[in-house]
Every structure is written in structure tokens, then in C-alpha cells.
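Where a number appears in this text, it was derived from the coordinates with a stated rule and is not lab data. Please read these numbers as outputs of a predicted model, since none were measured by experiment. With ideal geometry, Cβ positions are generated from the backbone for all residues, glycine too; neighbour counts draw on all protein chains shown.
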Ligand code: NDP
């Protein structure tokens, strides 16, 4: 292990790690991974790249005051963490969820730098959001919150400066309200947010992009590593949101059999294959829990969270060929990893951001499971967001087929680049190290070229 890496981690552990665990988890993984590169190129130490990369360019924190439907005054906290713009304007989603804190957004923003770098597109890394919970709020309340949030945020964003998108709790409805307020404040119709509905500047396929992209990545990884396809294979998917629904959809297109989905209350196991139309109706139209799925399909099993042994997750106890964690961070732990391995899993693809705990990740790598890390496998969403920026800048509209083709090309390119980088640095088949090294190298080289 290179001294630079050891001292860097030590210094960080002593400073922030007691309160910033998720960020430490993400940062330590990257620093360990890139040590083979640091050992062969001392420019990174000379230019203090690690010291500079782990500190965001700026952390913007603001108060959001709004009125609920009963005219009560509500106060939330808003954030935008602009992490690094060495490769292009800051880019990354906004998350509205009660668990949002500066630490969570710092981890997501840090991951976003390397993810955006891997796409090969000119975009930097950022993340933002609020502890506001859209669940259970009326459309009018969501609109009032989004307007109040944008009153502050608009000062810091712009089509060449910072272009936020959606994430957990921020879909087309929220992006529409945020965009409406931005337009009102600035009197401009700029592509300042991506994930807009199609009829006022959105790109076709943005909702599908992350889930489809994760499956395209897996297809390519399995072709390279196992000389196999997904056709006819049993797959498990967690989550029932944007990423999960579209991963299930693409798996079905390719002839695979996704048999599960989950939400924060429970898991559905439908061994005949998930009924996607019903799932979409329950989650996108009725916004209800998955329990209703089992009422409509009594042959499917609904397993409530509280009925499953503590520490394990039902969805990862289902035998499968390929697993797709698509819900949230740290949702797949070492007990789950053991269950998957014992049941013969061949590949694991992170659709969500950092869903796998470090222990579980080590288990997968030591058992030579094909493992696709989030920063590579779920980069399809941000890639299509960049396509939306390109369409907005040229006032043009691309067809669904064109976006899909470019998405597929991008995911295949990322996968091959990650595989090749791993091989070049002596860790063939380790896509975690391959993604970290390839993503880091491009950003670091740009930082060196641009000076301090
Ligand atoms: P959504 O809000 O659309 O969906 C999240 C889903 O996960 C919901 O079904 C939610 O259930 C479920 N969930 C949340 N916590 C748990 C839990 N502890 N156990 C089981 N299920 C849970 O979010 P997205 O699909 O957009 O995002 C999912 C992940 O993918 C996040 O990590 C996000 O950062 C990442 N991502 C998303 C991108 C995108 O384009 N949307 C791009 C890149 C990454 P419930 O409704 O009950 O809360």
C-alpha cells in the first residue's frame, strides 16, 4: 500500500469519520482501489489530487420555508453540494427524503464525480436535495415546497454552471415545479434542470435510462466475463421506484425473468415473473404499498419487513442468477451476500447508489462473482441527462430509438473501459477497481492540467 493512501485515510479517519460514515465508506473504497495507479504515477501526490478531490468546491445550505394546505408554516433544510467541475458543469440529482443530510449528499456527490467521468461526457459532479418528504403531501404542497426551494437554489445553478436532475423523491412532477419557478424568477427558458417532462424540454427515455442502462451494462459484463446472456435467467430486483421498474422492464425485453421487487415495507416474490403493468399501476398511479400486489396475485408471496429475520433482507434470499439492488444505500449486507452466494448468484449489479456494504462487497469479490459497481452500472441516468442538455442547447429533439441506441453504446463503452482498466492494472475481473481507476484518472488529469 502506497504511503500517500495510508496517510490520507488516517488523516481523514481522525478528522471526520465519526460523523460522516457514508462519505468515508465511499471515499475509502476509492482510495484503496486507486492505489495501483498512485504507485505508478507520482504526479497525483505532487499535485495533492486526493486532498483536493475529497473536499467539495462548495457546500450550499439554505432554509426552505413554505405553507402546507392548512396554512401552517413549515421549515426544511435545502442543500446543493458542488463537488468538482474539472470535466464540465456540475451535474447530479436532487433527493427529497427525510434521511437527507449533508453527509448523505457528500457521499452521493463524491460518487457522482467518478460516475460522470466514466460516461466520457463533459460533466462535473454534484448532488443536492432536502429533508422534505413528498410522501403524503398534496400536489399543491409539493409545488409550494419546490417553489420555495428554487427561490434559494436558482442563485447557484445555470446551464453552464450546475444542472441538477432528479433522484429519490424527485421525479417529473417535482422537476416540473422546480423548472416553473426557475423560469418565473429568471424570465429565461434554459435547460437548467434535466428530467423535465418531454413536452417542455425533457429527453425521451430519461425515466427509463438508469434501469435500462444497468441491464445493458450487465449484458455486456456477462458477455465478457461468463460468455452468457440474460435470456431465460432468473433475476431478483429490489426497490419499486424509477430504477427498479425500468430494470425489470428491460430484463423482460431481453427474455430474463425478474421475480421480485420491494419497497420500504416489504418484498414481493412472484416466481412466474413480476406483473409489470400491475406494479406500475400500484407505484406510479396509485402510489400505494406492495401488499396490494399479492391481493391481486394470491400466488405471489408478500413478505413484510418485520416478518423477516433481523439483519437479512427477504429479496436477497431468493435464488437467482443475477441480482439487481435498485432501492437505496447499504440495503445488501454480508448476510444477504452469503445467502446470494449459497444460492448460486453469478452477477450482482448496483442500480442504486452504494447499495452493497463493504463486507458484502468483499464477499462477492472474493467469490469471483461478477460485480457491477453503481458508479459504472447506473451511469445511464446521468448520460441521458447530458443528452437532454445537448438537445436543449441545440433546441432539438431526438427520437426514442436514437437515445436508446446512444445509451446502449455508452453503457457498453463504460463496461469495456472498466474491464480493460482492471486488466491493465493487474486486477482483471475486478470492476470496482477498474471503475474507480478509470473514473479517477480522467478527473485527476484534468485537475492537473487546469492548475490549482
Ligand atoms: P425512487 O424514489 O423512485 O424509488 C426508491 C424505491 O426504493 C422505492 O420503491 C422505495 O420504497 C424503495 N426503498 C427505499 N428504501 C428501501 C429499503 N430500505 N428497502 C427496500 N426498499 C426501499 O428512487 P429511484 O428509483 O430514483 O432511486 C433508487 C436508487 O437509485 C437511489 O440510490 C438513487 O440514488 C439511485 N439512482 C437513481 C437514478 C435515477 O435516475 N432515478 C440515477 C442513478 C442512481 P418506498 O416507496 O416504500 O420508500
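Per-structure values
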read-out: Stretch gain in nm, segment residue 299-residue 365, where the contour uses 0.36 nm per residue and the Cα spacing is subtracted; value: 20.2 nm
read-out: Over the stretch 383-452: Rg over Rh, Cα atoms, Kirkwood Rh; value: 1.11
read-out: Förster radius 41 Å - calculated FRET efficiency between residue 423 and residue 308 (Cβ-Cβ, nearest 0.05); value: 0.55
read-out: Mean Cβ count within 10 Å, highest first, over the residues of peptides 341-348, 167-174; value: 167-174, 341-348
read-out: Convex hull of the chain built on C-alpha atoms - directionally averaged projected area, nm²; value: 21.1
read-out: Nitroxide proxy distance, nm - points 7 Å out along Cα→Cβ at residue 448 and residue 272; value: 5.9
read-out: Fewest-first ranking of 398, 316, using other Cβ atoms within 10 Å as the exposure measure; value: 398, 316
read-out: Distance between the stretch 395-452 and the stretch 278-308 - C-alpha centres, whole angstrom; value: 37
read-out: Convex hull projection area averaged over all views, the stretch 226-310, Cα basis, nm²; value: 6.2
read-out: Helix-only mean residue ellipticity at 222 nm for the chain, each DSSP H run of n ≥ 4 adding -39500 (n - 2.57), per residue, nearest 500; value: -14500 deg cm²/dmol
read-out: Per-q log10 I(q)/I(0), the stretch 209-377, q = 0.18 Å⁻¹ (Debye; single scatterer per alpha-carbon; no solvent); value: -1.08
read-out: Kirkwood Rh and Cα Rg combined as Rg over Rh, evaluated for the stretch 111-267; value: 1.02
read-out: Under the Debye formula (equal points on every Cα, no solvent term), log10 I(q)/I(0) of the stretch 73-139 at q = 0.12, 0.14, 0.23, 0.27 Å⁻¹; value: -0.34, -0.44, -0.86, -1.04
read-out: Between the stretch 148-207 and the stretch 225-273, the Cα center-to-center distance that results, in Å; value: 30
read-out: Length added when fully stretched, residue 291-residue 139, from 0.36 nm per residue minus Cα-Cα; value: 52.3 nm
read-out: Descending Cα extents along the principal axes, the stretch 58-189, whole Å; value: 47, 33, 23
read-out: Extension gain from residue 253 to residue 173, taking 0.36 nm per residue of separation minus the Cα-Cα distance; value: 26.1 nm
read-out: Fewest-first ranking of 410, 218, using other Cβ atoms within 10 Å as the exposure measure; value: 410, 218
read-out: Cβ-based exposure ranking for 35, 396, in which fewest neighbours within 10 Å come first; value: 396, 35
